[in-house]
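Have a look at the structure below, then the notes.
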Amino acid sequence: MNERKQNISRRGFIGLGSGVLGATALMACGGNKVADESESATAGGSMAKSGSVQQAYCGFRMGVQSWCFREWDLARMIAGMNELNLKHIELALSVHLPLDSSDEKVAETKSQLDAAGITVDAFGVERISNDEAQARKIFEFGKKLGVIAISVYPQYDALPLVDRLANEYSIPVGIHNHGPEDKIYASPDMFRDEIKGLSNMVGLCVDSGHYGRSGVDSLAIIDEFPERIQMVHLKDMVPDSNSEYGWTDRVVGQGMLDLPGFMGKLMDIGFDGPFSLEYESEPEAPVQPLKACLDAVQDVCDTLS
């Protein structure tokens, strides 16, 4: 069982109580499947073509990484989230709430998000060196925001420290992989031995787009580390010689990602962590491509349910 299942109670099922499930909803299948779908609400969800209520996005905590809104301020981002009908966010702190923000700024930001019914499930990606004061500041910020996970990029020598703090604060972390330029986490061959012996509170943030760029099968990552999958960044990418970075986003399932296989694997392991959709190629107008991605995900979920 994923260790988050023992820690999520400290949020009081905050995500489930923010319009995703009613008070009578029961959780099954590792905490993701609603026992009675006829009682599940459709916040962030869809109606099947027949008109019957369908479970939203396979029951996952579908949200967005706020980096997708990096050219928008908080108010406009909230409007975009409302248009997407999503209630979970992973904050890119450098864009929407810097780590050194005052208590007043944090309270103001949380108040705006709370008023919109949006929960801060996570933040990141935070680079962590073997410096306890610096690392502790990140976990303290997570405690202040009430997150259920933090996406991180720790140096190898910082991993024992991160493990200790994750357990102390009861906040799991997901190590985020980048593309082929990533020298320490691009593939499991690089980090497999480094995370041996660490608790599952030091897990993985599976970025399907970046794994694809590195030639790594995201499904194989889930198979190898089922107990360490703490977070997901869902995106799909294809080579593009005309783009700045040589790659560009596609609607999920229309690039290299086996979307049905990916979603099915996550259902199989009972994944219940922050699930952040990403479409980064159109930061000036992200809502429509994100909507297309959500439609693609729901279509897959309709076939899997």
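What the table below lists for this structure:
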{"read-out": "Inter-residue pairs, beta-carbon under 7 Å, first farther than 23 Å from M77 by Cβ and in region 120-133, second open to solvent by 50 Å² or more (accessible area, probe 1.4 Å) and not polar (S, T, N, Q), 6+ apart", "value": "N130/D157"}
{"read-out": "Residues that are within 20 Å of I150 (Cβ to Cβ) and among the hydroxyl-bearing types (S, T, Y), drawn from region 201-233", "value": "S208, Y211"}
{"read-out": "Qualifying residue in region 56-65 (condition: surrounded by 22 or more Cβ atoms within 10 Å (Cβ to Cβ) and modelled with pLDDT under 95)", "value": "yes"}
{"read-out": "Some residue of region 243-260 being open to solvent by less than 40 Å² (accessible area, probe 1.4 Å), at pLDDT below 95 and of a type outside the set (A, V, I, L, M, F, W, C)", "value": "yes"}
{"read-out": "Hey, S170 surrounded by 14 or more Cβ atoms within 10 Å (Cβ to Cβ), over 17 Å from the mean Cα position of the chain (by Cα) and in contact (Cβ under 8 Å) with a residue 40 or more places away in the chain or not", "value": "yes"}
{"read-out": "Pair list, Cβ < 9 Å and 6+ apart or interchain, from region 291-305 residues that are of a type outside the set (S, T, Y) to residues that are part of a helix (DSSP H, G or I) and open to solvent by 60 Å² or more (accessible area, probe 1.4 Å)", "value": "K291/E83; V300/P260; L304/P260"}
{"read-out": "Within region 280-298, tally of residues that are surrounded by 14 or more Cβ atoms within 10 Å (Cβ to Cβ) and outside any loop (DSSP other than H, G, I, E, B)", "value": "10"}
{"read-out": "Filter result for M237 (in a helix (DSSP H, G or I) and crowded, with 20+ Cβ neighbours inside 10 Å)", "value": "no"}
{"read-out": "Checklist (1) surrounded by 23 or more Cβ atoms within 10 Å (Cβ to Cβ); (2) assigned to a helix (DSSP H, G or I) applied to S111, failing item", "value": "(1)"}
{"read-out": "Filter result for the condition that a residue is aromatic (F, W, Y) and either more than 23 Å from R61 (Cα to Cα) or assigned to a strand (DSSP E or B) (or both), over Y211, Y245", "value": "Y245"}
{"read-out": "Positions within region 174-204 being under 16 Å from A220 (Cα atoms), surrounded by fewer than 20 Cβ atoms within 10 Å (Cβ to Cβ) and either aliphatic (A, V, I, L, M) or in contact with a helix residue (DSSP H, G or I) (Cβ under 7 Å, 6 or more places away or on another chain) (or both), in sequence order", "value": "P188, M190"}
{"read-out": "G146 being open to solvent by less than 60 Å² (accessible area, probe 1.4 Å), on the phi > 0 side of the Ramachandran plot and within 19 Å of the chain's Cα centre (by Cα)", "value": "yes"}
{"read-out": "Filter result (touching a residue at least 60 places away in the same chain (Cβ under 8 Å), closer than 15 Å to Q288 by Cβ and open to solvent by 30 Å² or more (accessible area, probe 1.4 Å)) within region 78-105", "value": "E83"}
{"read-out": "S129 polar (S, T, N, Q), open to solvent by 10 Å² or more (accessible area, probe 1.4 Å), more than 20 Å from the chain's Cα centre (by Cα) and at pLDDT 95 or above", "value": "yes"}
{"read-out": "Yes/no for L277 being out of contact with any Asp or Glu (no Cβ under 9 Å at 6 or more places or on another chain) and open to solvent by less than 60 Å² (accessible area, probe 1.4 Å)", "value": "yes"}
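For (1) of a type in the set (A, V, I, L, M); (2) over 25 Å from P286 (Cβ atoms); (3) open to solvent by 50 Å² or more (accessible area, probe 1.4 Å); (4) not in a loop (DSSP other than H, G, I, E, B), each residue gets a yes or a no:
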residue: C68; (1), (2), (3), (4): no, no, no, yes
residue: R76; (1), (2), (3), (4): no, no, yes, yes
residue: A107; (1), (2), (3), (4): yes, yes, yes, yes
residue: G117; (1), (2), (3), (4): no, no, no, no
residue: V162; (1), (2), (3), (4): yes, yes, no, yes
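The values are calculated or read from the model by the stated rules, or taken from the named source; none is laboratory data. Here the structure is a predicted model, which means the values were calculated and not measured. Please note: Cβ atoms are built from the backbone with ideal geometry, for glycine as well, and neighbour counts cover all protein chains shown. The area values use the complete protein model at the heavy-atom level, side chains included, leaving out ligands, DNA and RNA. Shrake-Rupley method; radii C 1.70, N 1.55, O 1.52, S 1.80 Å.
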